[in-house]
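Okay, structure first, notes after.
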Amino acid sequence: MYFVYRYRLVAASGFTLLAAAATASTANTETAYVYNAPSRSASTTTSTSSSNDTASTSTPSPVPTTVAHTPTPRIIFVLGGPGAGKGTQCGKLVKEYGFVHLSAGDLLRDERDSGSPDGEMIENFIREGKIVPVEVTINLIRKAMNRSGATKFLIDGFPRNFNNLEGWNSVMKDQAIVDGVLFYEVDEDVLVKRLLKRAETSGRSDDNIDSILKRLHTYNQSTVPVLEHFSKQGKVTRIFGGDPVDVVFSRTSAAVEPVITNEVLGYNRLLLDAISYGDWSAYEALTDLEVTCFEPEASGLGLVKGYEFHKNVFEASSKARAEATAAGKSSPLFISTMHQPEVRLLGPKHALITYTRLISSSDNTNATSNVPVTRVNESRVWKLSNGKWKMIHFHRSKC
């Protein structure tokens, strides 16, 4: 089984909906999501639309720019009452899809146990079932994200109130994209039974009946309104967590598939940017060492394997730019846009993206003349490796 998604490229928009479940692909099955193109320091983005799709075009910078090696980090907040199974489901998502799981509670307990000056304060808040000051929690989350070097995160148990949410927006708004919220719904009596059972082996200071009741009260008073806030934006996926773990995980997987496909699109966009701006280091970072390809430029060579062919193309392009500059001539950039991209997830660790690539030329002396000069059909296969996507194969053909 694979999942298929049809995307539209639009300017300055984010991911519209996490909650829509992925469905098994048929020839006519399409689900529309919006791809948030990564910003480029020296370019601006506009959009034009037709009756069938919306295409993005970019006004290029007059000189090649450095391209990021990974997309902007993407976040899913994971919420639910204490004992709802958030940690269990996050652990399975980490194993299957390469997410990094950051538990706000675990980060706080680790900080408490590290001998930090904040340790006693954190312990008092945890024992009383209260919410730790937002500045402390966000600082721990931010540092953990930076240490990981990853691009997609599950943040479990945060934000727990509006103060948390406002703190996040203040500190992290420009550093990460929040795709949505996974919310696990479990009856309160079941939560209490689960927590008391866990208390037999957990050794946690808050796994006792008094702390449990305080935590549930805090959750109902503070966290539920946060869910209502995200629900109004269409960003909450509600998952019944009272069923067996594997049943719950099947629902969880369906909810996160759109986030994975959106991530693949982000990597592919960066790859095309690396080509457009002649950034070999970015292209190399996004490509598997044993990458294979078949394209018209390699005609007569058959299937090309490894970096050498790609590196030669980049070096030839760089040399041509340098010679043009030395001769006082303009050096046009060739900017690529994905038209009607479609992503198929071939299991949790492989993805196929197909699209028509619009290649536009813009002369440095007239950066506004961005006119399509050619169209090619492309397919690229991506593989998830150590939490990051690498291109392992591509095929190009003329339209």
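Against the test of being at pLDDT below 90, buried (at least 21 other Cβ atoms within 10 Å of the Cβ) and touching a helix residue (DSSP H, G or I) at 6+ places or on another chain (Cβ under 7 Å), the options L195, L216 yield a single qualifying residue, L195. When each of F153, F162 is tested for being aromatic (F, W, Y) and either buried (at least 18 other Cβ atoms within 10 Å of the Cβ) or within 25 Å of G98 (Cα to Cα) (or both), the lone residue that passes is F153. At least 2 residues being over 31 Å from the mean Cα position of the chain (by Cα) and closer than 15 Å to G81 by Cα is the threshold, and among the helices (runs of 4 or more DSSP H) wholly inside the range 178-237 those reaching it are 188-202, 209-218. In the range 295-308, which residue that is at pLDDT 80 or above and over 16 Å from E378 (Cα atoms) is surrounded by the fewest Cβ atoms within 10 Å (Cβ to Cβ)? Taking the candidates together, the pick is E308.
Listed conditions (1) surrounded by 19 or more Cβ atoms within 10 Å (Cβ to Cβ); (2) in contact (Cβ under 8 Å) with a residue 60 or more places away in the chain are all met by K130, apart from (1). Residues in the range 228-236 include at least one that is buried (at least 18 other Cβ atoms within 10 Å of the Cβ), touching a helix residue (DSSP H, G or I) at 6+ places or on another chain (Cβ under 9 Å), within 17 Å of C90 (Cβ to Cβ) and not aromatic (F, W, Y). Here's a check for you: in the range 135-161, which residue that is farther than 30 Å from S385 by Cα and either at pLDDT below 90 or hydroxyl-bearing (S, T, Y) (or both) is farthest from the chain's Cα centre (by Cα)? Here the answer is N161. When the range 300-350 is limited to residues that are over 20 Å from the mean Cα position of the chain (by Cα) and basic (K, R), the one that is farthest from V259 (Cα to Cα) turns out to be K329.
The lone criterion from (1) more than 23 Å from T70 (Cβ to Cβ); (2) at pLDDT 85 or above; (3) touching a Lys or Arg at 6+ places or on another chain (Cβ under 8 Å) left unmet by T287 is number (1). Does any residue of the range 200-211 turn out to be under 28 Å from S253 (Cα atoms), crowded, with 20+ Cβ neighbours inside 10 Å and not basic (K, R)? Checking the range 200-211: not a single residue is under 28 Å from S253 (Cα atoms), crowded, with 20+ Cβ neighbours inside 10 Å and not basic (K, R). Criterion applied to F309, F249, F314 was being in contact (Cβ under 8 Å) with a residue 12 or more places away in the chain and closer than 30 Å to G80 by Cα, and the one residue passing it is F249.
The values are calculated or read from the model by the stated rules, or taken from the named source; none is laboratory data. Everything quoted here is computed from the prediction, not taken from an experiment. FYI the Cβ positions are ideal-geometry reconstructions off the backbone, even for glycines, and counts take in every protein chain you see.
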